[in-house]
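Worksheet: the structure to be examined is printed underneath.
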Amino acid sequence: MASVDDFCINVNEVGDRGLSALARACMLLPFSQLTDFFAIDNHFGDAGLSAFSAAARSGGLPALRRLYLYCNSIGDAGLSALADAIQHKAFAPEGLSSLLVMDNDISDEGVRSLEVPLTNGRLAKMEELGVGQRVSDEGFQLLIDAAMSFQLPDLRELHLQNNVAIRGKPLQQLIAAIQKGDVPRLKQVWLVPGQNVDSAHILIHAS
């Protein structure tokens, strides 16, 4: 069987059992060259993502760079399991470049689970990052601090749309950082409408 470099199960009603079964099969499927995994708009949550992360830690996804898991039921425990896999270098040697888990059930606690891999440089090649949808200004601030301290030096897009608890307080700090050149690669930041945020989705052009 030929090797696979991208795998898509978008909009397939995949639940925890389905993703767990796929995780168990990772060692048998030709996934050694898999770089992109798409599982958008399904039904799986923490149990499924934990099984997926465990399979990655066992060597099932050694080339994975881009992970698209938005519009599911992932909570803080699922993101924590994934963060642990990232910390233990479960994916491509250079690390993930895209991690999109917005429109899930992830809060500031889930964002905090990224602190260890951030501190240890495991997310240094991240270009796209999205989390949600229960993140508040606290989680937003953590990500801004990470970007400004060069823990996310390659970050180009930050997706925080539909996090209704974000009030936009850290936004001025981020805008100032962009204007000063402290986050030179960051081009787009997406935020929630209203809640003291000025536009329906804030798109910052840093060029």
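The values are calculated or read from the model by the stated rules, or taken from the named source; none is laboratory data. What you are looking at is a predicted structure, and each value in this text was computed from that prediction instead of being measured. Reconstructed Cβ throughout: ideal geometry from the backbone, glycine too, with neighbour counts over all protein chains shown.
Structure notes:
- Test: residue in segment 55-75 that is buried (at least 18 other Cβ atoms within 10 Å of the Cβ), touching a residue at least 24 places away in the same chain (Cβ under 8 Å), β-branched (Val, Ile, Thr) and within 18 Å of residue 103 (Cα to Cα): yes
- Test for residue 94: is it surrounded by fewer than 17 Cβ atoms within 10 Å (Cβ to Cβ), without any contact (Cβ under 8 Å) to a residue 60 or more places away in the chain and in contact with an Asp or Glu (Cβ under 9 Å, 6 or more places away or on another chain): no
Residues are listed down the side, and each one gets a yes or a no for (1) within 18 Å of residue 5 (Cβ to Cβ); (2) among the polar types (S, T, N, Q); (3) touching a strand residue (DSSP E or B) at 6+ places or on another chain (Cβ under 6 Å):
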position: 33; (1), (2), (3): yes, yes, no
position: 59; (1), (2), (3): yes, no, no
position: 70; (1), (2), (3): no, no, yes
position: 147; (1), (2), (3): no, no, no
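- A Cβ distance below 8 Å, combined with a sequence gap of six or more or placement on separate chains, defines the contacts here; from segment 23-52, residues that are of a type in the set (Ser, Thr, Tyr) reach residues that are buried (at least 17 other Cβ atoms within 10 Å of the Cβ) and assigned to a loop (DSSP other than H, G, I, E, B) in the pairs 35/64; 35/65; 35/92.
- Exclusive hit being within 19 Å of residue 25 (Cα to Cα) and in contact with a Cys (Cβ under 8 Å, 6 or more places away or on another chain), set 67, 82, 61: 61
- Selection status of residue 116, in contact with an Asp or Glu (Cβ under 9 Å, 6 or more places away or on another chain), at pLDDT 95 or above and not small (Gly, Ala, Ser): yes
- Single unsatisfied condition, residue 37 versus (1) more than 24 Å from residue 93 (Cα to Cα); (2) part of a strand (DSSP E or B): (1)
- Elements of type strands (runs of 3 or more DSSP E) in segment 72-186, at least 3 residues being closer than 18 Å to residue 47 by Cα: 98-107
- Of the criteria (1) under 18 Å from residue 69 (Cβ atoms); (2) in contact with a helix residue (DSSP H, G or I) (Cβ under 6 Å, 6 or more places away or on another chain), which one residue 116 fails: (1)
- Close pairs from segment 162-178: first under 14 Å from residue 146 (Cα atoms), partner among the polar types (S, T, N, Q) and in a helix (DSSP H, G or I), Cβ under 9 Å, at least 6 apart: 170/141; 173/141
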